[in-house]
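The structure appears right after this line, and notes come after that.
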Amino acid sequence: MRNVMEIEHLSTYFYTREGAVKAVNDISFRIREGETVCIVGESGSGKSVTALSVMGLIEEPAGKIVEGQIHFDGKQLLNLSKQELRTIRGNDIAMIFQEPMSSLNPVIPIGKQIMEPLKTHQGLNKKEAKRRAIELIELVGISRPEQIAESYPHQLSGGMLQRVMIAMAISCEPKLLIADEPTTALDVTIQAQILDMLDRIKQKANMSMLLITHDLGVVAEIADYVIVMYSGKIVEEGEVVELFDNPKHPYTQGLLRSKPIIGDRQDELYSIPGQVPNPLDLKESCYFHDRCEHCLPICKTKLPQLKGMEGRQRVACWLYEEGTHHD
Amino acid sequence: MTEALLEVNHLKTYFPITSGLFNRTVGHVKAVDDISITLKEGEAFGLVGESGSGKSTVGKTIVRLADKTSGEVKFKGIDLHQLSEKELRKLRPKLQLIFQDPYSSLNPRVRVGDAIGEALINHGLATKAEARELVLEVMDACGLSTYHYDRFPHEFSGGQRQRIGIARALVLNPDLIIADEPVSALDVSIQAQIINLFRKLQVSRGLTYLFISHDLSVVEHLCTRIGVMYLGTMMETASRDELFRNPLHPYTKALLSAVPVPIPKKKRKDQKERIVLSGDIPNPANPPSGCKFHTRCPFATDICREQLPVFRHAGGDHYIACHLA
Amino acid sequence: MASISGGAVELKRSQAVPVRSSLWRQAMLRLRKNKLAMSGLGFIIFMFLICFIGPLFSPYADGKIDTANMYSAPSWEHWLGTDLLGRDMMTRLLQAGRISLTVGFASMCISVLIGSILGAIAGYYRGIVDQVIMRVADLLLTIPSLPILFILGALLSEWKVPTEYRMYIVMLMLSFVGWPGLARLVRSQMLSVREREFMQAATVLGLDDRRKLFHHMLPNIIPLLIVVATLNIGGSILYESVLSFFGLGVMPPTPTWGNMIDSANNLIDFEQHPWLWIPPGAAIFTTVIAINIFGDGLRDVLDPKQKK
């Protein structure tokens, strides 16, 4: 299968009063054609910054991509001019955010906002754009599309707005859709609708998807390939079944075990002790070592690199290096 | 049977919608529309619902942060909404609320130790020295270190702040703790820590909880009885095991099947058909007639559109408001 | 109840190491890093010191008229020259500074006192009290300050108020136009703090009104109040100068920076004796700028909106 996007050694830093934060710290991964890649991690893991870096939405001088390459469709995104990047952003890569309300203009009707990229990027005239906009609204599962096209953002619920955002994102048939926590602000029944719909659209348009989430349930629902991030690093990645069946990294294991599951009640939930390390104060060590049950002496002094396991699974953990064995 | 610690009877909380120059009331948001809950001592009751279900307003009305429209809230047999401000203030330590947002519910300018201990001193329950010892003890029980005493809230992470919020309620030795989405703002690994803390405290101190959450899996791990709310109305209540094994209301069923499970879809064998509800949650200012759920219910019939179902007994401790089940 | 021994042991340890960080101290540390604000503060302190101490060392502090030395240009004896009565300009400038600075600070203090008490009452009790206070404040805010001050100043002259009292009355006049803005600010801050979730938490904890007001609401308002009060001093100094310049504020022979610039009104003085009006003008200008720079710096470290 062809790769749609290849990310090599991407590092994005933020500069604060207290020092530089390595929000994304030398990560590499690829997204195949038609594949849904999920980046999962907790707050501060760098998952959202990864998405913003790919989109070229890191605001300088507060943050900066200090290193790395992003190959997309034969182009190196980080070398492109602002103008070229903007064309790609609307056309070939689209993005949806957690808060749909803040990405829509409150004083312009929904339909007009969907028509905008159709007119600028695809050169449709007003009538065609309008017809297409209504088609799109219908496609994302909204009934009475004509009426919705006339309404303003504040008249719609969060779930509806997220659908509208998706309609806008897929309007130019992008090759890659990046979704940053698209269902986090929504209720579970609405979340189920949106995930179903995203999956359906993705299949139909043979689009690739990069989905950022903190919810392993969402990952299980929609992902083909999973990347687990912690403190700006990828700690484990693999195909979804491999990874859920046989998580290798103690952090992945902990995450999976600490999520309460309906019908599988325990007297005490497994919980990972401690908390995420201070991003300003990362030492040369495995960043997870002080919360890890299997911490070895080497974990405290050296950062492990990603290492291939069976299939596509890779893990960055000293337990799987030569000479050390996992129980 | 132990005596009821909290009795909520036919509680209604309506918020007026005003409009125009003279703030005329043009309608009401029926945030809570005829809710009854009884909590026995030592019980953990989970109140589940989506946004707009009014579950948080139930909690706020019980502790009188919001005014009721009708109905009664009895705590140990005393109707809280009949008390004077002064009488209520005296009773408050026994009835504590833990907030969802651990960032905004702590005053940024008050040291953690003072924030936890101030109510003790203010109510005359302890001298300054005694309060300090009690605070340190409760901080320890909540997994906070003693050196945190003099720190300010901004120096803490979300999970630790929620621990502070819990400690602040706990130090007063309350009989009832109402927790309003206490873990929904936290990361998964931290969530588990806080859920365990709630559990541990319940066992060690015999606390009674009213646990408000949108997350069924969290409620399942903490509560012995569960109520499901939709648009201000109770749809179904049952003991935990009964509710999860045998949900009767179509809304409960849909809610249960909508919760994503961390088992990859690709390998799920049973492929039990998920009930994906169509449509949106209606506006609580203008709820549907009849059964409030009928607009989204896959089984709705004419009677559902016309008649409000009564909340009736459905065997055991199972209660339900549905014409069909 | 569980044992407390563990806690008690730890407690002693924590008492041994004083780690109580204070929000104020943290703010001051950050302020100290802001070089511009610190130079503003340095200039204000310098101005105060030289105005209040300087004249003590001047041989001309008695302000005696010296007809032999009228309008002399700056020289070694008279650093800033002399005025039409032969008085030393340097000494007068510093003496004027005492008055101008005092009027600025004192009127700020009075208007902060009135404004914050009335604003706090309005914001805390709301209802009819709020309505009355705020309508009065609104009324005063609708009339531009300068005309009110001019009318009041003219009335003072009309009623022949003795010059030595005029300084105090000018302070009161400036506070009179200053308090409504502050009252509004304090009230709106009270209202917004009231709605914050930690105030609901305080209610649920059953804290009494006094505790809520003094430990939870006021500490969240005071930082902003300090910033605004600081910036207000500059405004007061300017108003006083304007009034005195027009002869409606503090009157000669009591010198203020405002009535000293008065000489610029006279074409001959303006063209031929610039030492009469440049120094007081520069003094007003630099002092007000320094206060504003310092106030902006304070805002950066104290105003919660700027903080995370």
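The values are calculated or read from the model by the stated rules, or taken from the named source; none is laboratory data. These figures come from a predicted structure and were not determined experimentally. Neighbour counts are summed over all protein chains in view; Cβ atoms, including those assigned to glycine, are modelled from backbone coordinates with ideal geometry.
The table that follows gives values for the structure above.
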{"read-out": "Pairs with Cβ under 8 Å, 6+ apart, first in the range C:197-209 and more than 7 Å from chain B (Cβ to nearest Cβ), second among the basic types (K, R)", "value": "C:M199/C:K212; C:A202/C:R211; C:A202/C:K212"}
{"read-out": "Helices (runs of 4 or more DSSP H) wholly inside the range C:164-261 containing at least 3 residues that are in contact with a Lys or Arg (Cβ under 9 Å, 6 or more places away or on another chain) and closer than 29 Å to B:N173 by Cβ", "value": "C:197-205"}
{"read-out": "Among residues of the range B:137-182, those that are touching a Leu at 6+ places or on another chain (Cβ under 8 Å) and not β-branched (V, I, T), counted", "value": "23"}
{"read-out": "Qualifying residue in the range B:275-295 (condition: surrounded by 15 or more Cβ atoms within 10 Å (Cβ to Cβ), hydrophobic (A, V, I, L, M, F, W, C), over 30 Å from A:T252 (Cβ atoms) and at pLDDT 90 or above)", "value": "yes"}
{"read-out": "Set A:I96, A:I58, A:I114, A:I110: member being within 23 Å of A:Y225 (Cβ to Cβ) and surrounded by 15 or more Cβ atoms within 10 Å (Cβ to Cβ)", "value": "A:I96"}
{"read-out": "Residue within the range B:178-196 that is among the polar types (S, T, N, Q), outside any helix (DSSP H, G or I) and either in contact with a strand residue (DSSP E or B) (Cβ under 9 Å, 6 or more places away or on another chain) or at the interface with chain A (Cβ under 10 Å from one of its Cβ atoms) (or both) present", "value": "yes"}
{"read-out": "Among (1) assigned to a helix (DSSP H, G or I); (2) surrounded by fewer than 20 Cβ atoms within 10 Å (Cβ to Cβ); (3) at pLDDT below 90 - the single one C:R135 does not satisfy", "value": "(3)"}
{"read-out": "Test set (1) within 27 Å of A:I190 (Cα to Cα); (2) crowded, with 23+ Cβ neighbours inside 10 Å - B:K12 fails condition number", "value": "(2)"}
{"read-out": "B:A238 in contact (Cβ under 8 Å) with a residue 60 or more places away in the chain, more than 7 Å from chain A (Cβ to nearest Cβ), closer than 30 Å to A:T36 by Cα and aliphatic (A, V, I, L, M)", "value": "no"}
{"read-out": "Residue within the range B:151-164 that is within 25 Å of the chain's Cα centre (by Cα), at the interface with another protein chain (Cβ under 7 Å from one of its Cβ atoms) and under 30 Å from B:E7 (Cα atoms) present", "value": "no"}
{"read-out": "Unmet requirement for A:C292, which otherwise passes all of (1) more than 14 Å from chain B (Cβ to nearest Cβ); (2) more than 24 Å from the chain's Cα centre (by Cα)", "value": "(1)"}
{"read-out": "Members of the range A:296-315 that are in contact with a Phe, Trp or Tyr (Cβ under 6 Å, 6 or more places away or on another chain) and assigned to a loop (DSSP other than H, G, I, E, B)", "value": "A:L296, A:P304"}
{"read-out": "Residue satisfying all of: in the range A:183-240; modelled with pLDDT of 90 or more, part of a loop (DSSP other than H, G, I, E, B) and buried (at least 24 other Cβ atoms within 10 Å of the Cβ); nearest to the other protein chains (Cβ to nearest Cβ) among these", "value": "A:A223"}
{"read-out": "Unique match (being farther than 25 Å from A:C172 by Cα and in a strand (DSSP E or B)) among A:V66, A:V37", "value": "A:V66"}
{"read-out": "Failed item, numbered, when A:A179 is tested on (1) in contact with a helix residue (DSSP H, G or I) (Cβ under 6 Å, 6 or more places away or on another chain); (2) small (G, A, S); (3) modelled with pLDDT of 90 or more", "value": "(1)"}
{"read-out": "Filter result for the condition that a residue is in contact (Cβ under 8 Å) with a residue 24 or more places away in the chain and away from chain A (no Cβ under 12 Å), over B:L216, B:L248, B:L256, B:L222", "value": "B:L248"}
{"read-out": "Criterion (in contact with a Phe, Trp or Tyr (Cβ under 8 Å, 6 or more places away or on another chain) and either among the small types (G, A, S) or in a helix (DSSP H, G or I) (or both)) met by exactly one of A:I88, A:I137, A:I114", "value": "A:I88"}
{"read-out": "Listing of helices (runs of 4 or more DSSP H) fully contained in the range C:1-119 that carry 1 or more residues being at pLDDT below 75", "value": "C:5-16"}
{"read-out": "Test: residue in the range A:272-281 that is closer than 25 Å to B:L201 by Cα, out of contact with any strand residue (DSSP E or B) (no Cβ under 7 Å at 6 or more places or on another chain) and not in a loop (DSSP other than H, G, I, E, B)", "value": "no"}
{"read-out": "Set A:G19, A:G34, A:G44, A:G90: member being under 23 Å from A:N206 (Cα atoms) and at pLDDT below 85", "value": "A:G90"}
{"read-out": "Those residues of the range C:173-188 which are surrounded by 22 or more Cβ atoms within 10 Å (Cβ to Cβ) and either over 30 Å from C:V161 (Cα atoms) or facing chain B (nearest Cβ under 9 Å) (or both), in sequence order", "value": "C:V186, C:R187"}
{"read-out": "Considering residues of the range B:97-150 that are facing chain C (nearest Cβ under 9 Å), among the hydrophobic types (A, V, I, L, M, F, W, C) and assigned to a loop (DSSP other than H, G, I, E, B) only, the residue farthest from C:R25 (Cα to Cα)", "value": "B:F99"}
{"read-out": "Residue list for the range B:214-240, filter: part of a helix (DSSP H, G or I) and either more than 22 Å from B:L197 (Cα to Cα) or over 19 Å from the mean Cα position of the chain (by Cα) (or both)", "value": "none"}
{"read-out": "B:I303 surrounded by fewer than 19 Cβ atoms within 10 Å (Cβ to Cβ) and within 11 Å of another protein chain (Cβ to nearest Cβ)", "value": "no"}
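Yes/no matrix, rows are residues, columns are (1) assigned to a loop (DSSP other than H, G, I, E, B); (2) among the β-branched types (V, I, T); (3) under 19 Å from B:K30 (Cα atoms):
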{"site": "B:P247", "(1), (2), (3)": "yes, no, no"}
{"site": "B:C291", "(1), (2), (3)": "yes, no, yes"}
{"site": "B:H294", "(1), (2), (3)": "yes, no, yes"}
{"site": "B:I303", "(1), (2), (3)": "no, yes, no"}
{"site": "B:P309", "(1), (2), (3)": "yes, no, yes"}
{"site": "B:G316", "(1), (2), (3)": "yes, no, no"}
